[in-house]
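Enquirer: Got a structure for you, written out below as structure tokens; questions coming shortly.
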């Protein structure tokens, strides 16, 4: 987003989650930035993909007061929001409906914060970070899409001695990456697929620059954890894990691998965005995950599996 | 061998027959033997919690546990069914009747000793489980921790000497002499009961195998020594404590246990040093104390507020009267036992501080992670400060335990009770919601607040006047002899004999009161969104046709529990004013009145008197528990809840104000989960809380348990200061718990 006053940069954020225990060690606050260059089919935060504010509509919370219809330019806010095609056709995302909805059935996802405001929120839990070796995690979407914003937050967090984690797909320019590396204590690096063709098919983006970035960060001496989303029909193959194991051996600063089991919590969110038929995948079983652990353990006993 | 490392019954007796004589005989190495399967669910726990439970205790112990938890013993309890003619004898004083009743109970109550029990002695009468004294038909004592720590090291014979010495001195009136003499008879009764248990064991020996004979003989030898004498070793100490406790229970009294690790620690230390006992054996013995505590489960089919409310509270850790940390091996054994057997019937509170050992922080988290809300923590330093500020000497303040639930008191010296009141109805009254007259129209917020405070003052003044005349009998000789002051003064337990006589003043509903005041201040007086009479009319109509306004309030305001300055400041103001009013009368007529904040499940009972509230609740809404945020209003997770809570100055509320956190099992899995729980506890101490319950539970499991109770026979859940089995709650209580359970992604 834009640069505001010197040292206070604005960005679009769709969630700030205190007491995060899955985005790095200890008790953390995770800041979720809106917008992502990739379009993974299994994304469990579908509202994170667009870099623009979007409206959620939750039918189950709606109390039927029709305040929204009264302010909607088309007079049919609920109907439009329930259908993604109608949204594309008619909705200008004017946010009047969200502003008037008493029950928050309609909610604007994506709010502008300055980096100072983010830090004010994050520093509220410093006593908890100190007691648990926690800190801040910046995630999204792809936080590096709002590069200046992310950089400023990380700088300020580090100044306040808050441990910093960046959760990323690694899809950005090398120049930017090297600029941000000094302010990241740990990267959580997602690797969706390890085959170029498959990667493009699944995420739209090429794999090559992501791997190059990964090696660059490694060379710069910053720690990282490789995160692998496990989706049985999509990327759970022996080939993939072979490639990961090979990659792992080449990295000096990798701390371990974390397996993220696909879950369908994102399906209801897709519904709130008006998607009537979101893609649903099968979840991996505990045995699936166990087999992957065993594969890595046999393949190279120096691979650390971070089991949460 | 049935499971890896466990013994079957024959082996158990073979090996345990030499218990206490130095050989490793319980068979199971006390190294950690993890269960093979991650998803093995012992005893019907919460299946969404995945953890490796160590398997250190023997099969026999597990079997006895299962039987107790199944309710089999409870279902076999009976009312006293023999003649007690002395009850109606006009020539006998009440205390004499009590003493004779104790003797009659000792001689006639059914005995129950199961094969394989290491610790023995059962309170078998149904009256006791119903808070009544058998044969006398009057209510017994509860809500205190009796002075087991004083009697254990001297035995009953030491106590007898004390009473006899006092009788020999001057200064007792007739009533005092009568009381002390009845105490002597009660001690005789305790001995008679003990002897009957010995006789039963001797009987059981006749048909026992050779190994079993040895096992039983050990128990007989132990009972021949304690509780009459000071214990000579750990097993005797555990049995002595149980025997004293069980006889109290048999006569209907529900005392807390208190600082079990402080009481038993030195005995274990000696045995370990001498090599006459190892940790595995000690754990086995102590586990049997835990099993005994389950024997009343199943005594009634009635559903209600849960089945485990006999106030059997255990306190672990913390400093002693000299300021020294007492955490010892017994502390860790207790946590091991709770972890492995998942018995929730001894609610366990750990006194923590910045000096608590890391190992203990970790063990607390590991057990909390399994759910059931069994282990909670007190901020020790803050509580001691509050007690000293209230007027207790420092050495006594350092000894604090609770009344069997969580209210703070000094053990072995205190008669305790509390008066539960609702602060929210006073706000309703201030707004004139109860009657058909037009509501008062306060010109500004400050005059509204002043009117509310005036009602609170009047309410408390009335309460204090009522308290002035209490504690005038009966004497309860059995409880009295365990409480400092009674023997010295010759005054009974309920007759201001104890050194400290406490009637704590408790109000609940503050979170909703403060949230409502905030809404009134901002909507009516600052934004002038609507005027007060309009608002009051809407409330009188229970929000009818005003659902949008109600939802608007609920969604636009950040209430207490979200680390929000406005709402937290408002609650601080109410909290400070309330505690200041109560502190105006710290003691009167020999009765102390410390402030507390609680609901104890009365959120349900108070519904009939509550109206709709400005914070957006309807008249039938079940509102905040104790000092936690109102259900559904805490939207920023447990760290925000703790931040809000810890803004209060708890030295102002010496009797206590708990906060409950409900955490999803998924949030605290694995090592990260343990770090998170430890982090919450340490920060709670750092920021100065009072009492923290963490229950690891998800509403999906609770809803499933509501639909299929047969799948969850032993799913303990934290309620409002105690744990009970979820399936023994009636639907209204279950729904309350489900609605209170946070959902944090």
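FYI, it's all coordinate maths here, none of it is from the lab. As the structure is a computational prediction, the values presented were derived from the model and not from experiment. Using ideal geometry, Cβ is built from the backbone for each residue, glycine included, and neighbour counts are taken over all protein chains shown.
Enquirer: Per q in 0.05 Å⁻¹, report the Debye log10 I(q)/I(0) for chain B, using one uniform scatterer on each alpha carbon and no solvent.
Expert: Here log10 of I(q) over I(0) equals -0.25.
Enquirer: Please compute the length gained on full extension between residue B:303 and residue B:526, using 0.36 nm multiplied by the number of residues separating them and subtracting their Cα-Cα distance.
Expert: Taking residue B:303 through residue B:526 to full extension adds about 75.5 nm, to one decimal.
Enquirer: Using alpha carbon centroids, what distance separates segment B:320-352 and segment B:207-260, in Å?
Expert: Each part's Cα centre sits 20 Å from the other's.
Enquirer: Another one. Take peptides B:560-568, B:541-549, B:478-486, A:197-205 and line them up by average Cβ neighbours within 10 Å, highest first, as a rough protection proxy.
Expert: Put in order of decreasing packing, that is B:478-486, B:560-568, A:197-205, B:541-549.
Enquirer: I would also like to ask the following. Angle check, please: helix B:380-390 long axis (alpha carbons) against the longest principal axis of chain B (alpha carbons), in degrees 0 to 90, nearest 10.
Expert: Approximately 70 degrees, to the nearest 10.
Enquirer: Still on this structure: Going by how many other Cβ atoms sit within 10 Å of their own, how do A:65, A:72 line up, fewest first?
Expert: Going from least to most buried by this count: A:65, A:72.
Enquirer: Okay, moving on. Over the whole of A:11-23, what's the average partner chain Cβ count within 10 Å per residue? Rounded to a whole number, please.
Expert: 4
Enquirer: Still on this model: What's the average, rounded to a whole number, of partner chain beta-carbon atoms within 10 Å of each residue's beta-carbon in B:666-674?
Expert: Average per residue, whole number: 4.
Enquirer: Semi-axes of the protein assembly as shown's equivalent ellipsoid from the Cα gyration tensor, sqrt of 5 times each eigenvalue, largest first, rounded to whole Å?
Expert: Sorted largest first and rounded, they come to 55, 38, 24 Å.
Enquirer: Then there is this: Work out the mean other chain Cβ neighbour count within 10 Å for the residues of A:122-134 and drop it here as an integer.
Expert: 6
Enquirer: Something else: Just order B:188-194, A:301-307, B:373-379 by mean Cβ neighbour count inside 10 Å, highest at the front, would you?
Expert: Peptide ranking by packing, descending: B:373-379, B:188-194, A:301-307.
Enquirer: Another question, if that's okay. How much length is gained on full extension from residue B:711 to residue B:213, taking 0.36 nm per residue of separation minus their Cα-Cα distance?
Expert: Taking residue B:711 through residue B:213 to full extension adds about 175.4 nm, to one decimal.
Enquirer: Sticking with this structure for a sec: Express as a percent, rounded to the nearest 5, the fraction of DSSP beta bridges in the protein assembly as shown (both residues included) that run antiparallel.
Expert: If I count the DSSP bridges inside the protein assembly as shown, around 30 percent turn out antiparallel.
Enquirer: Please list the three semi-axes, largest first and in whole Å, of the ellipsoid equivalent to segment A:54-109, using sqrt of 5 times the eigenvalues of its alpha carbon gyration tensor.
Expert: 15, 12, 10
Enquirer: Same structure again: Highest first, please rank the peptides B:707-719, A:253-265, A:216-228 by the mean number of other Cβ atoms sitting within 10 Å of their residues.
Expert: So the peptides B:707-719, A:253-265, A:216-228, ranked by packing, come out B:707-719, A:216-228, A:253-265.
Enquirer: Still on this structure, I have one more. Would you mind checking the tilt of helix B:329-341 against the longest principal axis of the Cα atoms of chain B, expressed as 0 to 90 degrees and rounded to 10?
Expert: Helix B:329-341 sits at roughly 80 degrees to that axis.
Enquirer: Figure the gain on full extension for residue B:589 and residue B:573 (residue separation times 0.36 nm, minus the Cα-Cα span) and round it to one decimal in nm.
Expert: Extra length available between residue B:589 and residue B:573 comes to 2.8 nm.
Enquirer: Something else now. For chain A, what is the percent of antiparallel DSSP beta bridges, rounded to the nearest 5?
Expert: The answer is about 30 percent antiparallel.
Enquirer: Between residue A:120 and residue B:358, what is the label-to-label distance in nm when each label sits 7 Å out along the Cα-to-Cβ direction?
Expert: Result for the modelled spin labels: 3.7 nm.
Enquirer: Between segment B:102-123 and segment B:418-473, how many Å separate their Cα centres?
Expert: 50 Å
Enquirer: Continuing with this model, one more query. Taking a label point 7 Å from the Cα of residue A:282 along the Cα→Cβ vector, which residues of segment A:230-248 have an amide N closer than 19 Å to it?
Expert: Inside the label zone: A:230-241.
Enquirer: Here is a follow-up. Roughly what % of DSSP beta bridges within segment B:310-433 run antiparallel, to the nearest 5?
Expert: The antiparallel fraction comes to roughly 25 percent.
Enquirer: Using only Cα atoms, tell me the angle between helix A:208-219 and the longest principal axis of chain A; keep it within 0 to 90° and round to the nearest 10.
Expert: Between the helix axis and the principal axis of chain A, the angle is about 60 degrees.
Enquirer: Something else: Calculate the spin-label point distance for residue B:322 paired with residue B:113, positioning each point 7 Å from the Cα along the beta-carbon direction, and give it in nanometres.
Expert: Here the modelled spin labels are 3.8 nm apart.
Enquirer: Per DSSP helix of 4 or more residues, -39500 (n - 2.57); summed, then divided by the residues of the protein assembly as shown. What does that give at 222 nm, rounded to the nearest 500?
Expert: -12500 deg cm²/dmol
Enquirer: Take every Cα pair under 8 Å in segment A:1-81 that's 6+ residues apart, average their separations, divide by the length, and report that relative contact order as a whole percent.
Expert: 18 percent
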